[in-house]
């Protein structure tokens, strides 16, 4: 609210909604494409089902589109990402975990 008021808007209310919890399924197709263009593999949609990280043995390379990939590290620079290697373009990339 403070940041908006500093812009000169005085009548503002911020409402925090915690239910349902946010999910990576809510990422739009346009946003998923922007992640790919940036070099990050967007998370797979899971429909609210609990899944195992082992389910993500293969990820699609955001650079060349190949699925000839393998996981190199279950935890990337943050807990929500994993590191994969593409055997076709020989590049490493990060895959977001579905939440």
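Kindly check whether there is at least one residue in the range 23-39 that is assigned to a loop (DSSP other than H, G, I, E, B), touching a helix residue (DSSP H, G or I) at 6+ places or on another chain (Cβ under 6 Å) and at pLDDT below 95.
Kept after step one, since they are assigned to a loop (DSSP other than H, G, I, E, B), are these residues of the range 23-39: 23, 27-28, 39.
Add one more test, that the residue is touching a helix residue (DSSP H, G or I) at 6+ places or on another chain (Cβ under 6 Å), and what stays is none.
Looking for residues that are assigned to a loop (DSSP other than H, G, I, E, B), touching a helix residue (DSSP H, G or I) at 6+ places or on another chain (Cβ under 6 Å) and at pLDDT below 95, one finds none in the range 23-39, hence no.
Test residue 83 against the criterion of being in contact with a strand residue (DSSP E or B) (Cβ under 8 Å, 6 or more places away or on another chain) and surrounded by 14 or more Cβ atoms within 10 Å (Cβ to Cβ), and give yes or no.
Values: in contact with a strand residue (DSSP E or B) (Cβ under 8 Å, 6 or more places away or on another chain): yes; surrounded by 14 or more Cβ atoms within 10 Å (Cβ to Cβ): yes.
Spelling it out, residue 83 is indeed in contact with a strand residue (DSSP E or B) (Cβ under 8 Å, 6 or more places away or on another chain) and surrounded by 14 or more Cβ atoms within 10 Å (Cβ to Cβ).
Test residue 65 against the stated conditions and say whether it is surrounded by fewer than 15 Cβ atoms within 10 Å (Cβ to Cβ), at pLDDT below 75 and over 13 Å from residue 92 (Cβ atoms).
Considered against the rule, which asks whether it is surrounded by fewer than 15 Cβ atoms within 10 Å (Cβ to Cβ), at pLDDT below 75 and over 13 Å from residue 92 (Cβ atoms), residue 65 comes out as no.
Going by what's in this entry, would residue 47 be described as outside any helix (DSSP H, G or I), in contact with a helix residue (DSSP H, G or I) (Cβ under 8 Å, 6 or more places away or on another chain) and either loosely packed, with under 13 Cβ neighbours inside 10 Å or touching a residue at least 24 places away in the same chain (Cβ under 8 Å) (or both)?
Judged against the criteria, residue 47 is a match.
The values are calculated or read from the model by the stated rules, or taken from the named source; none is laboratory data. Quick caveat, the model's predicted, so the values are computed rather than measured. Every residue, glycine among them, receives a Cβ derived from its backbone with ideal geometry; neighbour counts consider all protein chains shown.
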